[in-house]
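Inspection log for the structure reproduced underneath, given as structure tokens.
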Amino acid sequence: MNMPKSSELLSSIPFFKGLSTNELNEVGRVAFEKYFNKDEIIFSDGQRGDGSYLIIEGTVKVYKLSLHGKEHIFHFFSSESERAVTRRSRCHR
């Protein structure tokens, strides 16, 4: 994010409610904005979990493919829902 309104945006997300302005600014300093195209894989199962994602706009599908190629959907996250996706499963927009 690293932009002036990042603490305002973060404070609107339930996960960050209760943090002070200084704490929100600290989170905003280490956060950054990243854009993904539709159907782009954000991360895959087995990758090291080194961060979290906040969904500002759009929807993310968390799924895994079976050995036979069948897609098993675990969850959809959107900017209208929980907003946070941790780096644990194969996922794409």
| task | Would you mind ranking THR59, THR21 so that the residue whose beta carbon has the fewest other beta carbons within 10 Å leads the list? | result | THR21, THR59
| query | If you take the beta carbon distance between HIS72 and ASN25 as r and set R0 to 35 Å, what does 1/(1 + (r/R0)^6) give as a FRET efficiency, to the nearest 0.05? | reply | 0.30
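Values quoted throughout were computed directly from the atomic coordinates according to the rules given, and no laboratory measurement underlies them. As the structure is a computational prediction, the values presented were derived from the model and not from experiment. Glycine also receives a Cβ, built like all others from the backbone with ideal geometry; neighbour counts cover every protein chain displayed.
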